[in-house]
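Here's the structure we're looking at; comments come further down.
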Amino acid sequence: MALVTAGVVVLDCAEPEKLAEFYKELLEGEVAGANANRVEIRAADGFRLALRRDVNATAPSWPRPENSLQAHLEFVVDDLDAVERRIVGLGGRPMEAGDASGPTEERGYADPAGHSFTVRRGTPTAPKQG
């Protein structure tokens, strides 16, 4: 049984509803889920893209280093503790923990090269705060 059940590319932005319309049309997809702070699009081929509200979002400055974090990986899992053991066993390390209560728990990690990613159960409902 696979521990990771889905992968989602997440883009942080100030207005997820507007950006979701763009990607929905571009990908000829459909809204797979939405709440006040997040819209997820599923393309016909199954690709999943989520737009998450970040109250402090600014346009990326790439290739300059300011605001260089433009996107991150997010993985949907059933068992956060089992996945954490596997991540650490493979050389990753915990970076941060979200709210530990309820079905929307999210945890942050770094891969062996230092790239950040999150694993979560359920759909997050709170906006990014910084």
(message) Just to check I understand the Karplus step: with θ = phi - 60° and J = 6.51 cos²θ - 1.76 cosθ + 1.60, what whole-Hz values come out for region 4-15, glycine and proline as x?
(response) 8, 9, 6, x, 9, 7, 10, 10, 7, 7, 6, 10
(message) Let's test the formula: R0 of 35 Å, r as the Cβ-Cβ distance of Val76 and Asn56. What FRET efficiency results, to the nearest 0.05?
(response) 0.90
(message) As a test of reading the structure, rank Met1, Met95 by solvent-accessible area (1.4 Å probe, protein chains only), most first.
(response) Met1, Met95
(request) Starting from the amide H of Asp54, placed 1.01 Å from N in the peptide plane, find each other amide H under 5 Å away whose residue is 5 or more places distant or on another chain. (result) Cys13, Ala14
(request) Would you pull out the residues with amide H under 5 Å of Glu105's amide H, same chain only if 5 or more places away, H placed 1.01 Å from N? (result) Arg121
(message) If I stretch the segment between Ala44 and Ser116 completely, what's the gain in nm (0.36 nm per residue apart, minus their alpha carbon distance), one decimal?
(response) 23.1 nm
(request) In nm, give the distance between the simple-model label positions of Glu17 and Leu90, each being 7 Å from the Cα along the Cα-to-Cβ direction. (result) 3.7
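The values are calculated or read from the model by the stated rules, or taken from the named source; none is laboratory data. Keep in mind the model is a prediction, meaning the values are calculated, not measured. Cβ coordinates were reconstructed from backbone atoms using ideal geometry, including for glycine residues, and neighbour counts include every protein chain displayed. Only protein heavy atoms, including side chains, enter the accessible area calculation; ligands, DNA and RNA are left aside. Shrake-Rupley method; radii C 1.70, N 1.55, O 1.52, S 1.80 Å.
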